[in-house]
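Structure, as structure tokens:
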Amino acid sequence: MNVETDRSMLERALAGRGEYELFPCDPALADTAAFCAAYGFAMEDSANTIVVVGKSTPPVYAACLVLATHRLDVNRVVRARLGTRKASFASPEETRALTGMEIGGVTAFGLPDTLPLWVDAAVMRRERIVLGGGSRSWKVLAPPSILLTIPHAEVVEGLASEAPRRD
């Protein structure tokens, strides 16, 4: 797929959802820390969409949206919400198979309707967030309220907690 195809797919997924801006980026800089450093965005305003898997037969999946400055609580909150004894981050291959997107570009927009989307409440307290754009070539800048336009999205208090700062 090329950058323009990626953009048109993203625009279709965002159509009718309200105000947003598309931001092109070098795919080599798509990972959050590199992106923020290269383009001058705050880590506190960056939100990552992470696919998780509950270890059961069959496995159960969900997508979680958390600020880059936070740690997803996989061992307690996610595991309990999935209803499984164990949970972990989905592998890059599982993420690609479920979403059609590469890690570093997974977006909350255009996820399969069968995949729950849990949004950490801290995301909703930001004025503006930077999200993956469905590929490593695009980011989406938008108010967090845009997430409430996704039918299978649910805001979850305590899904993640603030990570200790690294100096």
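Among the residues examined, ARG71 qualifies as among the charged types (D, E, K, R) and not in a loop (DSSP other than H, G, I, E, B). Residues of segment 50-67 include none that is on the phi > 0 side of the Ramachandran plot and either basic (Lys, Arg) or in a loop (DSSP other than H, G, I, E, B) (or both).
Quick one: in segment 144-161, of everything that is in a loop (DSSP other than H, G, I, E, B) and not charged (D, E, K, R), which residue is surrounded by the most Cβ atoms within 10 Å (Cβ to Cβ)? For segment 144-161, the residue satisfying everything is LEU159.
The single condition among (1) in contact with a strand residue (DSSP E or B) (Cβ under 9 Å, 6 or more places away or on another chain); (2) over 22 Å from GLY158 (Cβ atoms) that ARG96 does not satisfy is (1).
For segment 75-91, a residue qualifies if it is surrounded by 20 or more Cβ atoms within 10 Å (Cβ to Cβ), part of a helix (DSSP H, G or I) and without any contact (Cβ under 8 Å) to a residue 40 or more places away in the chain, and exactly one does: LEU82.
Can you find even one residue in segment 10-18 that is within 21 Å of ARG126 (Cα to Cα) and open to solvent by 70 Å² or more (accessible area, probe 1.4 Å)? No; the residues of segment 10-18 include none that is within 21 Å of ARG126 (Cα to Cα) and open to solvent by 70 Å² or more (accessible area, probe 1.4 Å).
Selection over segment 19-63 of residues that are open to solvent by less than 20 Å² (accessible area, probe 1.4 Å), over 20 Å from PRO164 (Cα atoms) and of a type outside the set (Val, Ile, Thr) gives a count of 6. Within segment 133-143, being open to solvent by 10 Å² or more (accessible area, probe 1.4 Å) and either within 23 Å of TYR61 (Cβ to Cβ) or charged (D, E, K, R) (or both) holds for GLY134, SER135, ARG136, LYS139.
Quick check, is THR95 farther than 16 Å from ALA47 by Cα and open to solvent by less than 20 Å² (accessible area, probe 1.4 Å)? Yes: the conditions hold for THR95.
The values are calculated or read from the model by the stated rules, or taken from the named source; none is laboratory data. On a predicted model such as this, the values are computed, not experimentally measured, just so you know. Cβ: placed from backbone, ideal geometry, glycine included. Neighbour counts: every protein chain shown. Accessible surface areas use protein heavy atoms only, side chains included; no ligands, DNA or RNA. Shrake-Rupley method; radii C 1.70, N 1.55, O 1.52, S 1.80 Å.
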